[in-house]
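Shown next, in structure tokens, is the structure this report addresses.
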Amino acid sequence: MSDERSRREVLGTAARGAALVGLAGLTGVLAVKANKTYAWSIDITKCVNSKLGALGVDVCEACATDCVLTLSAVRAVNEFSECGRCYICPAYYDITSAVGPDGLPSEKLCPRDAIEREAIGWIDPDDPANNFYEYTIDEKLCNGCGRCVMECKEPAGLGSIRLEVRHNVCLDCNRCSIATACPEEAYERDALSTV
Ligand code: SF4
Ligand code: SF4
Ligand code: SF4
């Protein structure tokens with residue numbers, strides 16, 4: 001992507017965001033860097049949604065609600081190599097919902113239906129719990145609300161889902177409003193070459 005093109009795209013995204021979010025958005029827009037040197041990232045060891053031992057606490061949705069962009073620059077990512085490919089994934093299903101006739105929870109967890117579930121290989125109908133599934137996050141739908149991250153933790157999950165700042169979308173605001181809102185000080189601003 002050329003500098004000129006990336007500048008146009010960033011400003012185009014910025015203009016749309018500013019129209020929708022008003023002054024807060026404009027503050028972020030004015031902070032757009034044509035040539036980024038630094039970038040915001042999330043320390044997942046600090047984020048309450050992924051932090052080990054943070055069970056039975058309220059999910060933090062500030063990554064979804066506090067970005068200056070209409071659709072936050074934060075997305076959930078499922079690290080396939082760490083995923084258990086569970087038959088009943090607690091990040092995909094709302095495991096507190098009623099069980100349907102197929103033996104599965106009747107409701108999904110994601111409020112934006114951003115998680116896709118696809119069977120891996122041949123499915124044995126006689127032994128459903130011994131079948132495996134791939135869970136993929138649709139980046140066009142996900143807003144980084146973190147609910148799936150909170151649920152995919154031991155003992156129910158393996159912690160394979162985390163939140164990430166998308167650097168091709170993020171405006172790299174000098175004062176990231178999510179960083180300001182983050183209750184865990186999990187936002188870091190690093191030299192781009194190191195993130
Ligand atoms: S972070 Fe929120 S919107 Fe994104 S996949 Fe998870 S539950 Fe859905
Ligand atoms: S710096 Fe923060 S508030 Fe600004 S666009 Fe990026 S994630 Fe959103
Ligand atoms: S604001 Fe901080 S604690 Fe909340 S979801 Fe984002 S990184 Fe995690």
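No lab work stands behind these numbers, since they all come straight from the coordinates. Being a predicted model, the structure only gives us computed values, none of them experimental. Note that we place each Cβ from the backbone using ideal geometry, even for glycine, and neighbour counts take in every protein chain shown.
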Original post:
Residues with amide H under 5 Å of VAL74's amide H, sequence separation 5 or more or different chain, H placed in the peptide plane at 1.01 Å from N; which?
Top reply: ARG166
Original post:
In terms of modelled amide H atoms, which long-range or inter-chain residues lie less than 5 Å from the amide H of TYR133?
Top reply: CYS86, ILE120
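Going by average Cβ density within 10 Å per residue, which order do the peptides 152-161, 97-106, 61-70, 177-186 take, highest to lowest?
Working: 152-161: 18.3, 97-106: 11.3, 61-70: 21.4, 177-186: 16.4.
Put in order of decreasing packing, that is 61-70, 152-161, 177-186, 97-106.
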Subject >> Cα gyration tensor shape of the stretch 123-162, rounded if a/c is under 1.5, else prolate or oblate by comparing a/b with b/c >> reply: oblate
**OP:** Specify which residue in the list VAL74, ILE137, PRO101 is farthest towards the positive end of the charge dipole of the stretch 60-154, using unit charges on the beta carbon of Lys, Arg (+1) and Asp, Glu (-1), about the Cα centre.
**Re:** VAL74
Original post:
Using a ≥ b ≥ c from the Cα gyration tensor of the stretch 42-189 (square roots of the eigenvalues), is it rounded, prolate or oblate, where a/c under 1.5 gives rounded and otherwise the larger of a/b and b/c decides, a/b for prolate?
Top reply: prolate
**OP:** Only Lys, Arg, Asp and Glu count, each charged at its Cβ (+1, +1, -1, -1), so figure out the dipole size of the stretch 113-162 about its Cα centre, rounded to 20 debye.
**Re:** 360 debye
Original post:
Hey, fewest Cβ within 10 Å first, where do CYS83, CYS145 land in order?
Top reply: CYS83, CYS145
Original post:
For the stretch 113-125, in order, what is each residue's ³J(HN,Hα) by Karplus, 6.51 cos²θ - 1.76 cosθ + 1.60 with θ = phi - 60°, in whole Hz (x at glycine and Pro)?
Top reply: 6, 9, 10, 9, 10, 9, 5, 9, x, 7, 9, 8, x
Original post:
Taking neighbour Cβ counts within 10 Å as the exposure measure, how do ASP43, ASP126 sort from fewest upward?
Top reply: ASP126, ASP43
Original post:
How large is ³J(HN,Hα), in whole Hz, for each residue of the stretch 186-191 in order, when computed from phi with the Karplus curve 6.51 cos²θ - 1.76 cosθ + 1.60 and θ = phi - 60°, using x for Gly and Pro?
Top reply: 8, 8, 10, 10, 10, 4
**OP:** Quick one: what are the phi-derived ³J(HN,Hα) couplings along the stretch 54-65, Karplus 6.51/-1.76/1.60 with θ = phi - 60°, whole Hz, x for glycine and proline?
**Re:** 7, 10, x, 10, 5, 5, 9, 10, 5, 5, 7, 9
